[in-house]
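No lab work stands behind these numbers, since they all come straight from the coordinates. Bear in mind that the values here come from a model prediction, so they are computed numbers and not experimental data. Note that we place each Cβ from the backbone using ideal geometry, even for glycine, and neighbour counts take in every protein chain shown.
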Amino acid sequence: MHHRADNWAALQPGDTSLPLAPTIRQIDGLQVLRAVAVILVVWCHAGQSLSEYGSPELPALNVFGIDIFFVISGFILSLVVLRERRQPGFTPMADFMKRRLIRIYPIYWFVALLMLARLALSGNLFQANYLPAFLLMPSLHYPGDRLIMGYSWTMMFEMFFYLILGLLLLKTVKWAVPSLIVLLTLSVSVGAFFSILHPIWIVAGNPILLEFVFGALLSLLYARIGRRRIAGLVLTSVGVVASILLQMHNPPTVASGLQMIWVDQGVYLRVATWGVLALVIVAGVVFWSPSLKNPLGKWSVLLGNASYSTYLVSALGLEFSARLFVKLSHPAVRSLGNRVAFETFLLSAVMVLGYFCYVLVEKPMLRTLQNKLLRKSPIVSTSQSSVTSAEDSASKATITNPAA
């Protein structure tokens, strides 16, 4: 049997009986990849803000960061379950779901309340039913009800993924991840035969769920073979180059945003292109597992930790920083230099805002809630969603984490 570089025993898919370490070390590269993913998303949305002022957008990788977040979430949460040592039942399920809910909802509700307060001040609060969006559930009156923040649709898919994986822990731990892969694949297949505009299938039958499946498959492979530095470097390089080439020749039929994904327009093609490339890049970083000890690396990891807060506050940050820039640089942003400055200013403002939201709000909130609500247990305390933030990077005993 091949022995892994970090002395973890190789794990057979679905088998948790081997003498595995009870915790998983943080993979710094994944945190940096989260930072890159949120930067890609914010840059894309900054370009959309630019177009609202009548200027063409600068080149961007669309919302590729979302695909990266989903694959990372599928990988990390599946790896957590692979290392669960308890018997199936209510306790592991409840612990798993509590951790996920604590990670997702409190900071989301904090930002959502800010958004609702803004809507109230503008007199638009009662123009739609925001309760489903407040709970990160698809509306039963789709598309009549609106989201509180336009980017929160990704967390609905995250919550569905958590729910399915958590429920599987009621019946099985050993086969939870393989069962997840089968169930999500079947759910998407059923969705292909029915209109996903029906509220039940808006999330449950959407092909974008296959990106979580990619991450789950990667967790099984990683648990078996561990780190492969050379292969990781090759995969990462290939994924980055291929992503740039794909953007240069991106078919217009590929789903590129909420409206297309919500109605299953070009989503399979998105999963087969951007989703696969996200898998290649995430796999490359996981197998490579670089250790980042220099100051730039440490700051990148910290930005990855703050990625969920950054994602959540990006709508407000983009809006107000765009207004400020246009006010300071009147007349309108049209020259190439001003367009670059515009998007760079918006990106910088959102990243700074997200960092302070993480340090001053999310991190203390998480620490308080975890101390009060979570009991000590063998289940690994690790990262949240591909679009969600991580534990403090100082907690080196665990993989910490969008939304991803």
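Please arrange W274, W288 by counting, for each residue, the other beta carbons lying within 10 Å of its beta carbon, fewest first. Walk me through the numbers before you get to the answer.
Numbers: W274 25, W288 20.
The order, fewest Cβ neighbours first, is W288, W274.
Mind checking the range 101-182 for trypsin sites (Lys or Arg not before Pro) that DSSP puts in a loop (not H, G, I, E or B) and that have at most 11 other Cβ atoms within 10 Å?
Loop-located and lightly packed - none at all.
Quick one: order F325, F134 by neighbouring beta-carbon count within 10 Å, fewest to most.
F134, F325
Please rank E52, E343, E211, fewest neighbouring Cβ atoms within 10 Å first, as an exposure proxy.
In increasing order of surrounding Cβ atoms, one gets E52, E343, E211.
Let me know the Rg and Dmax you get for the range 28-373 when you use only its Cα atoms, in Å.
That works out to 20.1, 65 Å for Rg and Dmax.
For A192 paired with N124, estimate the spin-label separation in nm (one decimal), with each label point 7 Å from Cα along the Cα-to-Cβ line.
Reported label-point gap for A192 and N124 is 3.9 nm.
D for the range 273-341, whole µm²/s, Stokes-Einstein with Kirkwood Rh over alpha-carbon pairs at 10 °C and 1.306 mPa s: what number? Present the calculation step by step, with values, prior to reporting the outcome.
Working: Rh = 15.6 Å.
D = 102 µm²/s.
What does the extension gain come out to for S329 and T253, with contour length at 0.36 nm per residue minus their alpha carbon separation?
That pair, S329 and T253, stretches by 23.8 nm at full extension.
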